[in-house]
Amino acid sequence: MGIIVKKFGGSSVANVDRMKAVAKIIAKTKDQGHQCVVVVSAMGDHTDELIDLAHQISAHPSSRELDMLMTTGEQVSISLLAMTLQEMGYRAISLTGWQAGIETEEVYGKARITNIDTKRILHELEKDQIVIVAGFQGISNQEITTLGRGGSDTSAVALAAALHADVCEIYTDVEGVYTTDPRVVKNAKKLNEISYDEMLELANLGAVVLHPRSVENAKHHRVKLVVRSSFVDTPGTEIKEEKSMENVRVVTGVAYDLDVTRVQVVDLENKIDALADLFTTLANENINVDMIVTSDYEKDRINVSFSISDQDIGPTLKVLEKKLGEQAKVSHDHHLAKVSIVGAGMISNPGVAAKMFKILSDAGIPIHMVTTSEIKVSCLVPKTQAKQAVQVLHDAFELGQE
């Protein structure tokens, strides 16, 4: 039997009873003869509580100290889970991210994993230990770092790749990946399988079941990835290569993101390097830009609109003010949301975008910006109508049907 990596999110280990339920899942796998590496998030909303404490102290807490603070949440989880397994008669040991050999870049709050030294984990597995690893964290030049929201998914996939695990199972509070958010659309359907590319698009576009970087890593390293529930024992959703899937749907799912701000730069000087200069400056500040629309205003002036995450609006405005000064007018609108359709079948089926626009138009939902790729179409719509847009698109593309 080989190595199986299991990752449990905050809702799965929210209290002692949930810890015991998770321990039984792990014990069952161990009893089947597998070696187990388990990645755990902080309990429930503990990370949010820690962030709130920090902001009670300071409006702008140090990034380094925030990482130092937030990594304690996972340390609580791993130690309690290890104790639970030990009480059940199993050999288990908890390791922080750095004890587990997870090395990252020195970027606080959203570091990327650069290397994993697996010696310690493999040593513990050889001693028949169940290894419980703190997700979301690593080390860089003796500094503790975190991987950003959802980083425990990334930790799990990276460990699975480094350990050449048979499978990486992501346990959450839903039974798998759905055609859309089942909290918004009651007849959302669980998918038995989905391609890496489709899952990556959905994750980037707002589907919170998996972190985008974890899917990207799984695709790159060909990690077998399964999303399943820690609350009910049912088959989950397998993320796999498209060519090995039974069929390719035109539209696989609908995603939405309410965490969107549109920034408008008006009267920017129309130099040949204007856009390159502007977006390079934003990129250098680690500000991720999504949709971009440009238009000529006059012969020597242009207007630029782009979307960013709500949390980046402060740094973005600061960068633009420093960069542009009085050269252009900058405004922003946070009353918008992004709604997207995703499907590998779009590549060979023309007219999908046109159908989406008509569906939204017929529902009286205005479109403010559009961006497309081979397998997705995204529209910025009023935030107040985002969930309506998800529902009408889900119905029109018949995603709730067998």
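Here are the numbers:
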| quantity | calculated |
| --- | --- |
| Nearest-ten-degree value, helix 63-87 long axis tilted from longest Cα axis of the chain | 40 degrees |
| Furthest towards positive pole of dipole, Ser140, Thr104, Val13, structure part the chain, Cβ charges | Val13 |
| Simple spin-label estimate for Asp117 and Thr72 in nanometres, 7 Å along Cα-Cβ | 2.7 nm |
| Gain upon complete extension [Thr371, Lys329; 0.36 nm per residue less C-alpha separation] | 12.7 nm |
| Segment 212-240 and segment 169-201: distance between their alpha carbon centers, rounded to Å | 10 Å |
| The chain: C-alpha gyration tensor shape, a/c 1.5 cut-off, then a/b vs b/c | oblate |
| FRET efficiency, 1/(1 + (r/R0)^6) with R0 41 Å, evaluated for Glu241 and Lys271 via beta carbons | 0.40 |
| Nearest 10 degrees, 0 to 90: helix 274-284 Cα axis against the chain principal axis | 20 degrees |
| Cross-link pairs beyond the 22 Å C-alpha cut-off, checked among Lys7/Lys387; Lys240/Lys355; Lys30/Lys127; Lys186/Lys240; Lys6/Lys240; Lys190/Lys376 | Lys7/Lys387; Lys240/Lys355; Lys186/Lys240 |
| Cα long-axis angle, helix 386-396 against the chain (0 to 90 degrees, to the nearest 10) | 80 degrees |
| Inter-label distance, nm, simple model (7 Å from Cα along the C-beta direction), Asn192/Val232 | 1.8 nm |
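Only the coordinates and a few stated rules stand behind these numbers; no lab work does. Worth saying up front: this structure is predicted, and the values here are computed from it rather than measured. Virtual Cβ from ideal backbone geometry, glycine too; neighbours counted across all protein chains shown.
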